[in-house]
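A quick write-up on the structure given underneath.
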Number of protein chains: 2
Amino acid sequence: MLGRKLVERLARDGALAGEGISHAVLADVIEARSTAARSFDVQVTVADLAERGVARELLDGLPDVIFHLAAVVSGEAEVDFDKGYRANLDGTRLLLDAIRAVGSGYRPRLIFTSSIAVFGPPYPEAIADDHGTTPLTSYGTQKAIAELLLSDYTRRGFLDGVAIRLPTICVRPGEPNLAASSFFSSIIREPLNGREAVLPVPDSIRHWFASPRAAVGFLCRAAEIDGNALQGRRCLTMPGVSATVADEIEALSRAAGEDAVRLIRREPDERTMQIVRTWPGRFSTKRAHALGFRAEASFDEIVGVYVEDELGGRIEAWT
Amino acid sequence: MLGRKLVERLARDGALAGEGISHAVLADVIEARSTAARSFDVQVTVADLAERGVARELLDGLPDVIFHLAAVVSGEAEVDFDKGYRANLDGTRLLLDAIRAVGSGYRPRLIFTSSIAVFGPPYPEAIADDHGTTPLTSYGTQKAIAELLLSDYTRRGFLDGVAIRLPTICVRPGEPNLAASSFFSSIIREPLNGREAVLPVPDSIRHWFASPRAAVGFLCRAAEIDGNALQGRRCLTMPGVSATVADEIEALSRAAGEDAVRLIRREPDERTMQIVRTWPGRFSTKRAHALGFRAEASFDEIVGVYVEDELGGRIEAWT
């Protein structure tokens, strides 16, 4: 989803980090939907980064900028231990090693989408930029390891890495996925489309959000910042909106009325609760802010982005 | 060195964590010196954990307690990137996976020697137990990754891991090694044996120390603590003595006089300085203390342990 939206933006802009784009390669384990770009070639390839040799082939054109978004999501990495480590750890390491193996001064900007799942409780009121990574899921562990590798490979001069810890992306378009966070989007998206949504956790749960549009903005910004400005600290927690489920529901009500809110069915799920209750609710993201990363200012704005980008700017009256 | 001293203590005690020892397997890439134990068998084996299948063989006897001390040291891991990752990351992961593969409820206590090299500047006055891991060496990166893996494998129920972050062990017996920290021991050990030592850094450098005897005590304590008391936080910074090079030299003077101090030759080395200046100087190790881990109370005590354990309790008059 994020990859597709990133390519759409790049196709629109025709440039990244102040340079014209000449060529883009989209690699995924399933065939990516191609996006026509006026000003550059787009090549779509089906590839599994966790297979030895695949990363080397993907680097054939020696790209200046690499966005590494590939991941087995949190819920799935928890259910299938081997699959998560293979994709999220081995796949990332093979990519880093393939970049290093090119040599001859090749040192691309590598943007890695990490996650706030690298953090674990106990939390302070607002989690600061230097807070330690003590993940409580296999997914968060894999992301934290990838951050360490990216930092070390960057320090050694093998590449120029930036890891951005994404908030939970909300409102995600499309269908619910296996991420334990999926309901945060469903309870907005489904009602806005006249469908029922299931809410498995209490209204008091607080979490950290940014829209898909903001996330694409983070990716583009991460491509253009000066690596020296990072002073060796290559992992950045991204800005976001701190909101409870109740805040989400109020924003939905303001956007679409109480009829929409009535489509949310409360169905407590202990397994989801156990995962979600360990998640962080609020960050202080001074470093990212100083580096020019920007998210929405409220959950109303987040709902507004979904309505603009996915519903053509208007909510259908379905009642 | 630490492995040998640990086995000597186990041979002396005949027990660990309140249980009699029936059998010990010592595995190393070079042949370990065997230690006669009155009350249990000691089997010495040459094995490279980073080779696939080796860990499984080492687990044949389904040990209740595993001490994983194997490591390529800091200086060497910085010079030989591949060797460090192979031994410190791949070797550890293969061991964890081999334990997991046994299955059938096998869940041994795994004690992993991590290092304060997992930390990087900027530091507070005293580094607290929840300080984040932002290593500035490949060695520290590999240790931090191993900690994350150990924590996740423990959380998933595959093993019962405890990672102890060792202070710099001082005074190390024997010859200088490739660790960048080697001089901290040399400037005490060599003069106490009537030999010259080279000091590559200024007297003002502060660092965190414990004796080999204290380190063996940490290992034994880590084998006996109740895993539940760790509340999911499986990585513990070990207590130690915060001392400057000047403090070390004063302790040497008190133990052996100014003639010994005159054997220290100041020979500034920029490469060593660059590594050492990023090292931490002081910790607040409340968790470890509450869990019963104990180090020396002063650098004089650390010198005293060397004299007792390595010099038979007395310093030869060599002048």
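Using only alpha carbon pairs under 8 Å that are at least six residues apart, calculate the relative contact order of chain B and give it in whole percent.
Computed over chain B, the figure is 18 percent.
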Cut-off 10 angstrom, C-alpha nodes, Gaussian network model of chain B. Which of B:Pro280, B:Pro173, B:Pro212 fluctuates the most?
B:Pro173
Sorted by mean Cβ packing within 10 Å, highest first, what order do the peptides B:77-87, A:68-78, B:30-40, A:17-27 take?
A:68-78, B:77-87, A:17-27, B:30-40
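Take peptide B:199-209, look around each residue's Cβ out to 10 angstrom, count Cβ atoms belonging to other protein chains, and average those counts. Can you show the working numbers first?
On the way: counts 0, 0, 0, 0, 0, 0, 0, 0, 0, 0, 0.
If you average over the peptide's residues, the count of other-chain Cβ atoms is 0.
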Strictly over 30 Å apart at the Cα level, which of A:Lys286/B:Lys83; B:Lys5/B:Lys286; A:Lys5/A:Lys286 would you flag in this model?
A:Lys286/B:Lys83
Measuring label to label, 7 Å along Cα→Cβ, what does A:Arg277 give against each other copy in nm, shortest first?
4.9
Summed side-chain charge close to B:Arg271 - residues other than B:Arg271 whose Cβ falls under 14 Å, Lys, Arg +1, Asp, Glu -1
-4
Calculate log10 I(q)/I(0) of the protein assembly as shown for q = 0.11, 0.12 Å⁻¹, where I(q) comes from the Debye formula with a single equal point scatterer on each Cα and nothing for solvent.
-1.11, -1.27
Highest mean first, what order results for B:309-316, B:234-241 on Cβ atoms within 10 Å?
B:234-241, B:309-316
Please give the calculated 222 nm ellipticity per residue for chain B, where each DSSP H segment of at least 4 residues contributes -39500 (n - 2.57) and the sum is spread over every residue; nearest 500 deg cm²/dmol?
-11000 deg cm²/dmol
Given label points at 7 Å from Cα along Cα→Cβ, what nm distances, shortest first, separate A:Tyr123 from the same residue in every other copy?
3.0
For the range A:2-310, give the share of DSSP beta bridges that are antiparallel, in percent and rounded to the nearest 5; count only bridges with both residues there.
20 percent
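What's the local net charge at A:Gly227, with K and R +1, D and E -1, over the other residues with C-beta under 10 Å away? Intermediate values should be presented prior to the final figure.
On the way: positive: A:Arg107, A:Arg109, A:Arg234; negative: A:Asp160, A:Asp226.
Taking every Cβ under 10 Å from that of A:Gly227, the sum is +1.
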So the angle from the long Cα axis of helix A:299-310 to the longest Cα principal axis of chain A, reported in degrees to the nearest 10, equals 70 degrees
How far, in degrees from 0 to 90, does helix B:138-155 lean away from the longest principal axis of the Cα atoms of chain B, to the nearest 10?
30 degrees
Determine which chain A residue has its Cβ at minimum distance from the rotation axis mapping A onto B, giving the value in whole Å.
A:Gly132, 2
Angle between the Cα long axis of helix A:2-13 and the longest principal axis of chain A, 0 to 90 degrees, nearest 10?
70 degrees
Distant alpha-carbon pairs in the range B:2-310 (separation over 31 angstrom), percent:
29 percent
State, to one decimal in nm and shortest first, how far the label point of B:Leu58 sits from each corresponding label point in the other identical copies (label point: 7 angstrom along Cα-to-Cβ).
3.3
For B:Gln142, net neighbour charge (Lys/Arg +1, Asp/Glu -1) across residues whose Cβ lies under 15 Å away:
-1
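Every number here is computed from the coordinates shown, using simple stated rules; none is lab data. The structure displayed is predicted, hence computed values, not measured ones. We place every Cβ from the backbone using ideal geometry, glycine too, and count neighbours over all the protein chains shown.
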